[in-house]
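These notes concern the structure reproduced below.
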Amino acid sequence: MLAIGGIIALVFSILLINDLESETITQWTVMTSYFMIIFLIIGAVLRITQK
């Protein structure tokens, strides 16, 4: 789960850099930021509960 979160974070940062250069925030950037947060929270919760 954390690996998926990391991949989404990477995609998000690339999209964000592109958006900042063109000075417009796209829907994809907003969507990937939501997914990134969700996956990182789920990954963290799973890691804590599995110990």
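Once every Cα of the chain carries one equal point scatterer and solvent is ignored, give the base-10 log of I(q)/I(0) from the Debye formula at q = 0.31 Å⁻¹, two decimals.
-1.06
Roughly how many percent of the accessible protein surface of the chain is carbon and sulfur, given a 1.4 Å probe and a whole-percent answer? Don't jump to the answer; show the numbers that get you there.
On the way: 2980 of 4020 Å².
Carbon plus sulfur share of accessible area: 74 percent.
In nm, give the distance between the simple-model label positions of LEU16 and MET31, each being 7 Å from the Cα along the Cα-to-Cβ direction.
It works out to 1.9 nm between the two label points.
Accessible area per residue for the chain in Å², computed with a 1.4 Å probe and the full protein assembly in place, what is it?
Details: 4020 Å² over 51 residues.
On a per-residue basis, 79 Å².
Per residue of the chain, what 222 nm ellipticity follows from adding -39500 (n - 2.57) for every DSSP H run with n ≥ 4, rounded to the nearest 500?
Numbers: 2 runs with 44 residues, N = 51.
Mean residue ellipticity at 222 nm (helix-derived): -30000 deg cm²/dmol.
The values are calculated or read from the model by the stated rules, or taken from the named source; none is laboratory data. Please read all numbers here as calculations on a predicted model, not as lab measurements. With ideal geometry, Cβ positions are generated from the backbone for all residues, glycine too; neighbour counts draw on all protein chains shown. To get the accessible areas, we keep the full protein, side chains included, count just its heavy atoms, and leave off ligands, DNA and RNA. Shrake-Rupley method; radii C 1.70, N 1.55, O 1.52, S 1.80 Å.
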